[in-house]
Structure formats: C-alpha cells, structure tokens
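I have placed the structure first, in the form of structure tokens, so that the comments after it can refer back to it.
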Amino acid sequence: MSVGAPRALASSGQKPITEILHPLSAAEEPLSVTVGGDKQEVGLTNGTPVETSSPASTSSLFNRLQLDDDLEADVRDPYADSTEMRDLFVTVDNPKKHISTMETYITYRVSTKTSRVEFDLPEYCVRRRYQDFDWLRIKLEDSQPTHLIPPLPEKFVMKGVVDRFSEEFVETRMKALDKFLKRVADHPVLSFNPHLNAFLTAKDLNKRQGLALLSKVGESVKHVAGGYKLRARPAEFCAMGEYLDTFNQKLGTIDRIAQRILKEQSEYLTELREYGGVYSSWVGSEEELRRPLEGVAGCVTTSCGALEDLGDNMSLDFLPVLREYVLYLESIKNVLRKRDQSQAEYEGRLEAAILRKQEDRTPMPLEVEKCQDKVECFNADLKADWERWQSNKRHDFKQLLTGMADRNINSYEKSQAAWESLITLLQDKQTEDKTSETN
C-alpha cells in the first residue's frame, strides 16, 4: 500500500456488516448478559473476544465541508426515511419510580421491534434506568471512537428543575433518553453494535465488568498522541471546529436570553395575577360595575394562563433542545480531538519511518500503514456523521422554531379573544344603560 495518497474507502452498503472489519475495531472482554434467563456472552466460544466491527461509513464522501444549508437537504426530513428501509424501532416511555431501603430511582420501559437476524425475537420490552443508558453510551464511545455518539441528558443538573423525581423532570428526561436511543438505532453503524443489542434485549445487564474497563481502542486513542504533535489540521476539519465554536456561542446567547425572559415572565405573571385580583375584589363594592369588572378580571386570568403555558413550553420543550445541542457540540469536539491525535500519531510514525529508510533503506513498517488506515477511517466516519448531524440539526431546529411560533400565536390569540369578548360585553352594557335611561 502506498503511504502517500489516501485511498477510497469501501461503501457501507456493499458488504454485510459482519464481513467488514474496521481498522480501529476493538478487542474487548466478553459482555455478559442475561436474555430470557439464559446467560450469553458477546464473544467466541473459545473465550476469544469478538472484535467490534464497523463498516466504512459512507459511499458518498464529499470533497469539501458545506456549512451553508442545502435547500434540497432542508426539504428532506431525516426522520421521514421510508419505513420499509428501517428494520429497528425503539421507544422509551412509561417511567416508574422505585423505592428501596438503599436508594430511590426511576426506570423507563424500552420497547424494541425489529426484523434483524441478530435478534432472536421480533419484539423486546425491558426496563432501564439512567445509569444503563450511561453505560451504553460509554461502551459505544469506547468501541466506536471514530463515530459521533449522541449525547445523554445531564445526570443531575437541569436548569429550572430542582427535584429530579418531579413529574416535569422525569418527563423531560424520558423524552431526551428516547431521542438518544432513536438516534443510535437509526445510525447505520452504531445500530449494529453488540452492546446496543445487549441493552435492548438483556433481562439483566452485567455492567460491572464493562464499566471497569476501557476498550483497547479507546485506551490507545486516548493516549495515542502522547509523543506526537499535530502539524496542521486539514482545512475541512478546521472549518468544522470554527463552525462548532460559532454555533456554541449562538446557543449560549439564546439560552442566556431565554433564561432571562423566563425569569421576567415569572415576575410579570406574579404581578398580573395580583392585578386581576384587584378587579375581582372591586366587584363587591360596585354592583353597577359588576359585569365589566368581572369581565376584566376574567381577561387577566385568561392572559395569565396563556403566559404560564408559554413559559412552561419554553422550559420543557425549547430549552432542553438547546441544551442537547450544546452537549452534542462537546461530543463532536471530542471526536475531532481523537481524529487529530490519530493524525499526529500517523505523522510522527511516518516521519520516523522515512528517516530510518533514508539511513538503512528499510521498507515502510506495517504500523505506519495501519496508522494511515486509522486516519482515513476517522476522516470518513466523521464526515459521514457530520453530514447526518447537520441534517438532524436542521430538522430539529425547524420543528422547534415552528412550534415556538405556533405557541406564541396561540397564546396571543387566547388573550386577544378574551379582551375582544370584553369589548362586546362593555358595548352591550352601554346599550342596556342607554335603554334604561330612555325608559
């Protein structure tokens, strides 16, 4: 293999996934799981661990990074792929609170429907808690270091919520966990990971062994650049880094302003309720103004309800999406750093090999070619996942902003309708008064 020019990578659709070996496949200790009462291991019968396969990520690698929205891609809904092409469906719902002498925790029902041959049954239903999802993400990150792993919601901190067992907190976390698992299940590579299979099907997960160990790939990538320094990041990945920094600043600004708006809305809501109460208490001393005063009090109450709904929607729907994408940016930056480390190792080993070759004309070591393969896989997988992430981002934010517009319109329409009805009431009252005076 020539070390100089990069080679084209195989398309992920040309071979069965079990036949395509990723150059960064991790040899890992078997994962013990219990499925239907029988204990199984993700490993060979002789005890040799199975290398985690990862197909080359895409057959259409673009030559340059496109940061601007592609109109054609904007129209396409990433979640509207043909149902016939999907063969793995997952859902997270039905949270339940468990109380024991040692701890209190929430579990969620994870339902799976599939036609894949890797699964023994077409349907599964298990219960998982947050730490099980965290275990899955760690295993995916260790065994698939070249891929972008979707983020989980933060374990303890969630802005605006103090009680992690409150209905609002649990509902928000359930939606985030469902989105995380759907993103993994829809991924062309991550969805075939054996740890995902175990997570979806195992009656009990034996996580102690898995959490105590880093995969060989994760460990090697983590420390790979200890003695090497990256010369220069390729332009397309520099553009990714700059885009992530800019996007992160935008999200931070929006989040900060939204938090301030929520605080001011809450203070305004308190004042508005007090304001409406004044008109309600006024009714007792002004019988002739009863209907107009009650009408104003009712309008203020309606406005309070509309404003409260608007604030709840921002807290439960808008801000969590912003936070998810902030965490997503950290995940992408982490993969970018690993890619840079892999490139730094390749450049260092290549330079050392060239010096040795000039001195004693030794052939290019095989380890240099393996390092080049790692860099090529990082580049291909990261580009493919970036394209997928951009498509998902466009879909999510269009849906988010459209929903925000609809909720604002509904809120103002409720208030408008209430005040318009008051005008009609006052006009009718005025007509009645004139009629009484005439008589």
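The values are calculated or read from the model by the stated rules, or taken from the named source; none is laboratory data. Owing to the predicted nature of the structure, the values given are computational and were not obtained by experimental measurement. All Cβ positions, glycine included, derive from the backbone under ideal geometry; neighbour counts span all protein chains shown. Ligands, DNA and RNA are stripped out before the accessible areas are found, and what is left, the full protein with its side chains, is counted by its heavy atoms. Shrake-Rupley method; radii C 1.70, N 1.55, O 1.52, S 1.80 Å.
Determine which residues of the range 130-153 fall in the zone a paramagnetic label at SER100 would reach in this model, i.e. backbone nitrogen under 18 Å from the point 7 Å along Cα→Cβ. Only 130-135 fall inside the zone, counting backbone N under 18 Å. In the context of the full set of protein chains, the range 270-360 has a per residue accessible area of 49 Å² (1.4 Å probe).
For the peptides 122-134, 337-349, 278-290, the ranking by packing is 337-349, 122-134, 278-290, with the highest mean count of neighbouring Cβ atoms within 10 Å listed first. Peptides 250-261, 102-113, ordered by how many other C-beta atoms sit within 10 Å of their residues on average, highest first, read 102-113, 250-261. The length gained on full extension between GLN259 and LEU327, counted as 0.36 nm times the residue separation minus their Cα-Cα distance, comes to 22.7 nm.
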